[in-house]
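Following: one structure in structure tokens, then a few remarks.
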């Protein structure tokens, strides 16, 4: 019942109620203090809204917003074009570098007597003496 009375109260501000609805609302307002307080608050709020100055946007607001959106879209398109160009340039360079790397590894592997990955990378084998601490080498001798 309370929900129905609240709906009637809100409707009474905007539309004309039927005689039966108006009677129900008047009766509820006479008997319910919280409903009277609610009505007074709503009336104050409506009066404040009515008396406040209407705020509006400056002239050409829509044109400025649309211009900003178009500018952002143009920037995004420019970035996409840049990255597409970067990818198209990188692919041939990557293929050429991979081919060069394979040629160099094959050359180093063929020139070396030791057939290891270290020799393919032109990394000379390290003698045991260089790997160990000099004091250990002296003890081993």
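Values in this text are rule-based calculations from the coordinates and carry no lab data. What you see is a predicted model, and the numbers here were worked out from it, not measured in a lab. Because the Cβ atoms are built from the backbone with ideal geometry, glycine has one as well, and the counts that use them run over all protein chains shown.
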- Query: What order do you get for 5-12, 44-51, 28-35 when each peptide is scored by the mean count of other beta carbon atoms within 10 Å, highest first?
  - Reply: 5-12, 28-35, 44-51
- Query: With each label point set 7 Å from Cα along the Cα-Cβ vector, what nm distance links residue 20 and residue 91?
  - Reply: 7.7 nm
- Query: What is the stretch 1-69 by shape, rounded, prolate or oblate, if you read a ≥ b ≥ c off the alpha carbon gyration tensor as root eigenvalues and call it rounded for a/c under 1.5, prolate for a/b larger than b/c, and oblate otherwise?
  - Reply: prolate
- Note on the structure: If the label point sits 7 Å along Cα→Cβ of residue 58, residues of the stretch 67-90 with amide N under 20 Å come out as 67-72
- Message: Testing the spin-label approximation: label points 7 Å from Cα along Cα→Cβ at residue 48 and residue 7. State their distance in nm.
- Response: 2.8 nm
- Query: How far apart, in nm, are two points set 7 Å out from the Cα along the Cα-to-Cβ line at residue 109 and at residue 72?
  - Reply: 5.3 nm
- Plugging the Cβ-Cβ distance of residue 101 and residue 79 into 1/(1 + (r/R0)^6) at R0 = 35 Å yields, to the nearest 0.05, a FRET efficiency of 0.65
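Estimate the FRET efficiency between residue 117 and residue 139 by the formula 1/(1 + (r/R0)^6), using the beta-carbon distance for r and 30 Å for R0, to the nearest 0.05.
0.40
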- Query: Gap in Å between the Cα centre of the stretch 33-62 and the Cα centre of the stretch 64-112?
  - Reply: 58 Å
